[in-house]
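Have a look at the structure below, then the notes.
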Amino acid sequence: MEGLDFAFIGKRIRDIRNEKHFTQEFLANETGVNVTHISNIETNKVKVSLTLLVRICNVLGVTLDYLLENEYRDTSSVLEEEFLNIMKDMPKEKQEILLRIAKVL
């Protein structure tokens, strides 16, 4: 691996943030940086530090594995972990429905 794809990481952060309907301002406030810094990370103008990346993951409710899945050769464990993270917060009834759907697929 030559280096991390910071453009992909920034885009992934933006996509997840938008999916959760979080503003850049909210993410900045929650992670202790200014809005410009979040914007610069998302547009690949600066490289995000590991410390800030962990804080961003915590706010977005995703794992580092999920955010960096493009960097791994075998992403199966990443997807499995993210699936488990989503399921752990679901009520039991919804977990059972999701399991039935997965079996059909």
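The values are calculated or read from the model by the stated rules, or taken from the named source; none is laboratory data. A quick note: this is a predicted structure, and the numbers were derived from the prediction, not measured. Heads up, the Cβs are rebuilt from the backbone with ideal geometry, glycines too, and the neighbour counts pull from every protein chain shown. Calculation scope for accessible area: heavy atoms of the full protein, side chains included, ligands and nucleic acids excluded. Shrake-Rupley method; radii C 1.70, N 1.55, O 1.52, S 1.80 Å.
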Point to revise | Residues satisfying the stated conditions in the range 8-55, i.e. hydrophobic (A, V, I, L, M, F, W, C), open to solvent by 70 Å² or more (accessible area, probe 1.4 Å) and within 17 Å of Leu67 (Cβ to Cβ) | key: Leu50
Review point. Looking at the range 15-26, which of its residues are part of a helix (DSSP H, G or I) and either more than 15 Å from the chain's Cα centre (by Cα) or under 15 Å from Val62 (Cβ atoms) (or both)?
Key: Asp15, Ile16, Arg17, Asn18, Glu19, Glu25, Phe26
Point to revise | Meets criteria (part of a helix (DSSP H, G or I), at pLDDT 95 or above, more than 16 Å from Phe6 (Cβ to Cβ) and more than 17 Å from the chain's Cα centre (by Cα)) for Asn29 | key: yes
Exercise for review: Would you check if Leu84 is open to solvent by less than 80 Å² (accessible area, probe 1.4 Å) and either under 30 Å from Ala102 (Cα atoms) or of a type outside the set (Val, Ile, Thr) (or both)?
Suggested key: no
